[in-house]
2 protein chains.
Amino acid sequence: MSGTVQDHHVVIVGAGFGGLETVRGLKGAPVRITLIDRRNHHLFQPLLYQVATASLATSEIAWPIRHLVSDRPEVTTLLAEVVAVDTARRRVLLGDGSEVDYDTLVLATGARHAYFGHDEWEPFAPGLKSLEDATRLRRHILLAFERAEREPDPLRRAALLTFVIIGGGPTGVELAGTIAELARVTLWRDYRNIDTRMARTILIEAGPRILPSFPPDLSAYADQALQSLGVEVHLGHAVSACNGKGVVYGDRYLPAATVIWAAGVAASPAAEWLGAPADRAGRVEVEPDLTVPNHPEIFVIGDTAAVTAPDGLPVPGIAPAAKQQGRYVAEVIKARLKGEPAPRPFRYSHAGSLATIGKRLAVIDFGWIKLRGALAWWIWGIAHIFFLIGVRNRLSVALSWLWIHTTGQRSALLITQGRQPGSSEAEARDRPDRAA
Amino acid sequence: MSGTVQDHHVVIVGAGFGGLETVRGLKGAPVRITLIDRRNHHLFQPLLYQVATASLATSEIAWPIRHLVSDRPEVTTLLAEVVAVDTARRRVLLGDGSEVDYDTLVLATGARHAYFGHDEWEPFAPGLKSLEDATRLRRHILLAFERAEREPDPLRRAALLTFVIIGGGPTGVELAGTIAELARVTLWRDYRNIDTRMARTILIEAGPRILPSFPPDLSAYADQALQSLGVEVHLGHAVSACNGKGVVYGDRYLPAATVIWAAGVAASPAAEWLGAPADRAGRVEVEPDLTVPNHPEIFVIGDTAAVTAPDGLPVPGIAPAAKQQGRYVAEVIKARLKGEPAPRPFRYSHAGSLATIGKRLAVIDFGWIKLRGALAWWIWGIAHIFFLIGVRNRLSVALSWLWIHTTGQRSALLITQGRQPGSSEAEARDRPDRAA
């Protein structure tokens, strides 16, 4: 078959929403595909905060990539980390020193936490991007309650029972609402020396309102709903210092054993690999057809690309945007292989913004209609179950949520992944009471 | 209330089957109870191998201890590691330096792997006792297939696709059957460069037959069933050497990237804490009422105690035995507090032995009837679902099993807990290809 289009090799880096959608869009096209990811699973990131707050198990929101493409013999999956791209020789370089040639390259490598020049905060204010982040955070939150139960000093106990979330976007709002629910509804009967209902959950947002991407009235509603859940919302002050003992924002110092970063992300280093122009968040500034300037054979999509929507605003870093871009790139590749004219430039169409607040409340902005409260929560839940991959996970997540909302009990309250509490390694690494 | 029996303080160390059953048995008794465990969850160990082989999620077989006793205000749960017992002052010493006084002490601290004087084998042949063991083993097994997919050298590839289980008891048989099923049924469609159906699963047992605690005809049946699943069963040779590259048994050297230890356990160090007489496996040789000689206020139960059954054989280290002992100890404590005569000595009653082989086959020995094959598998499954704690987990495990057995697909094929494959830490710690 050498010399035919069957030899056209598409390498896709990243099996998130964008990468997987490119694979789907290329079904039936005369190409070989290599799908590279540094993890063996696709992750449904919109529900990651539910793993961190003990509502869902890891396997309910993750799927082995190999299995998702097992019915596509032309797709080879590689569990490997990309470390560089040689654009001149059209090769992707992997962490083990091996190389993969490509004819077309699609970079869909996502984003990671960004600390705005304060990378030293990362150990004290972890973010939430991977399953490991989520189980580590779950461990940290649950251990804070455990240590508070045994802490005789009232000031230290108060710090152990203070949970700070930095950043008032959807992830911050969802985390704050769920942690407050955990303390006020789920856990309080289980402890003898502390009343977990006295725990403080504090959401710090530097801007003038939470959920800044939503209309102001939905922001105000979410703010009030969070406060009725017991969350303290502090607006208008950025965090100026952060260590293992607490945070400073505005002119206030707040001792807290648990600080969670939900304030910002930066693109993965794809722009550095390519030597391509990038915006301040490190996203590659792509052409209207999502290719890299002067490299029509390289596409960048999802959270790694800076794309402008028809309304002149940047395309948001959410799953539907990445999927639309993945579908578009597959169309461009197929048109090229057929010798057809290129499709018109990528146009993002915004279906809506959703955020859940906890306790069966949510806000939804579809543009043509705005919803808030219980109905929005039901739509949010049904939409997320619908977008989960596979009947098995839909059933399982539906069962987990049904259980939480009928009994108030969570099934995944597990402290795992660390050493036993006695070991010195655990002491050094995991003690939330370093905050006290 | 000082001076009344209400002040009687029972400290129970270990929230396994024995410890929890003691707590249950003491319901309504005029005592305060402190339940100490170094983990926050009770673990249903009989199904742990299913987490290691990607059939079940961790949260399906584990429950937060606090929650299990949340309706018992007289029970305080401590997440802490016991490091010593001061029998003279009746105090338990914890890892953080604090102490807990007791009037009655119940040690139910379980067992750990025993390498028969070869502790240096542990890193190369991990055992299966905790959730962390299970997710680590799952990671190791799945990474072996991933690395084999990318390995050009045929000898190294063969070593990556060789899975050795040492020990032919129920755990070894269950692991061997499930790993063979994973390779032959679940995974083969997902790989492009290897045929996982060619993977070798080898069960090494030093004795003359597998499942030595079962009648010989059931052993023979299980042996044949394993072989029809593709498991190679090697009897009569103990492993004499074990490193990261393979194992030596008899006069054979077998290169293998994955070696799993299912050959033996030793009691936790309770006997050392007490300075009490112990058998070769480190189990405390208790009196007929399960107390420690000369210490009627200290009970030792479950895998930590050496107890003889009415037939003169040692009581096996299985969940029903630990539960019976927990119930018995609660009766003894209650009788003492009421000033009633002590109950007659503990008598173990053996309900039966069960082992599953994979592919819907199992063997059961109830004593009065022996079962094998598909019916035994159904009884095994129903019994295990029945003994799981809570409706939520019963539903969830039933759904997981239904899914596996109707679709052949497993939902928990996740590689987690390590670093990305590119990082040097991951290379040093996790590479199963150190075997090649």
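Bear in mind that the values in this text are calculations on the coordinates, not laboratory data. Bear in mind the structure is a predicted one, so any value in this text is a computation, not a measurement. Because the Cβ atoms are built from the backbone with ideal geometry, glycine has one as well, and the counts that use them run over all protein chains shown.
DSSP beta bridges confined to region A:124-251 are antiparallel in about 30 percent of cases. In nanometres and ascending order, the distances from the B:Thr406 label point to those of the other copies are 1.9 (point 7 Å from Cα along Cα→Cβ). The calculated 222 nm mean residue ellipticity attributable to helices in chain B amounts to -9500 deg cm²/dmol, summing -39500 (n - 2.57) over DSSP H runs of n ≥ 4 and dividing by all residues. Taking the DSSP bridge list for chain A and keeping only pairs wholly inside it, about 50 percent are antiparallel.
Closest approach of a chain B Cβ to the axis relating B and A (residue, whole Å): B:Ala57, 2.
The distance from the alpha carbon centre of region B:348-409 to that of region B:110-152 is 25 Å, rounded to a whole number. When peptides A:186-195, B:194-203 are ranked by their average number of other Cβ atoms within 10 Å per residue, the highest-first order is B:194-203, A:186-195. The mean sequence distance of close C-alpha pairs (under 8 Å, at least 6 residues apart), as a share of the length of region B:48-101, puts its relative contact order at 17 percent.
The packing ranking of peptides A:242-248, B:357-363, highest mean first, is B:357-363, A:242-248, where packing means the average number of other beta carbon atoms within 10 angstrom of each residue.
Summary for A:Pro310: label point 7 Å along Cα→Cβ; distances to the equivalent points in the other copies, ascending, 8.2 nm. Once you reduce region B:202-264 and region A:169-237 to the center of their Cα atoms, the two points are 55 Å from each other. For A:Asp217, the point set 7 Å out from Cα toward Cβ sits 7.9 nm from its twins in the other copies, listed from shortest up.
By its C-alpha gyration tensor, with a ≥ b ≥ c as the square roots of the eigenvalues, how is chain B shaped: rounded for a/c under 1.5, else prolate for a/b larger than b/c, else oblate? Here chain B falls in the prolate category.
Total lysine pairs in chain B at Cα distances under 26 Å, for residues eight or more apart or on different chains: 10. Each Cα pair under 8 Å and six or more residues apart adds its separation to the average, and for chain A the resulting relative contact order is 20 percent.
Could you tell me which chymotrypsin sites (Phe, Trp or Tyr not before Pro) in region B:358-387 are loop residues by DSSP with no more than 12 other beta carbons within 10 angstrom of their beta carbon? Loop-located and lightly packed - B:Trp368. Across region B:244-256, coupling constants 3J(HN,Hα) worked out from phi with the 6.51/-1.76/1.60 Karplus curve, θ = phi - 60°, read x, 9, x, 10, 10, 9, x, 9, 10, 10, 10, x, 7 Hz, and Gly and Pro carry x.
Which of the GluC sites (Glu not before Pro) found in region B:265-300 are loop residues per DSSP with 10 or fewer other Cβ atoms within 10 Å of their Cβ? Nothing satisfies the criteria.
Restriction of the chymotrypsin sites (Phe, Trp or Tyr not before Pro) in region B:92-169 to DSSP coil positions whose beta-carbon has at most 14 other beta-carbons within 10 angstrom yields B:Phe116.
The distance between label points at A:Ala84 and A:Lys27 comes to 3.8 nm (points 7 Å beyond Cα on the Cα→Cβ vector).
For region B:9-48, a/c is not less than 1.5, where a ≥ b ≥ c are the root eigenvalues of the C-alpha gyration tensor, and a/b does not top b/c. That puts it in the oblate class. Normalised by the number of residues in region A:23-149, the average gap of Cα pairs under 8 Å and 6 or more apart makes the relative contact order 27 percent. Checking the a/c ratio against 1.5 first, then a/b against b/c, what shape does the Cα gyration tensor give for the protein assembly as shown? It comes out oblate by the Cα gyration axes. Other protein chain C-beta atoms within 10 Å of residue C-beta, averaged over B:188-194: 4.
Reducing region B:275-307 and region A:47-65 to their Cα centroids gives an inter-centroid distance of 43 Å. The residue among B:Pro208, B:Val185, B:Gly172 whose Cα reaches farthest toward the positive pole of the charge dipole of region B:164-212, with charges on the beta-carbon of Lys, Arg, Asp and Glu, is B:Val185. Mean per-residue shielding of peptide A:133-141 is 1, counting Cβ atoms of other chains within 10 Å of each Cβ. If both residues of a DSSP beta bridge must be in the protein assembly as shown, then about 50% of such bridges are antiparallel. When each of the peptides A:332-343, A:131-142 is scored by how many other beta carbons lie within 10 Å of its residues on average, the order from highest to lowest is A:131-142, A:332-343. Neighbouring Cβ atoms from other chains, within 10 Å of the Cβ of residues in A:63-69, number 5 on average.
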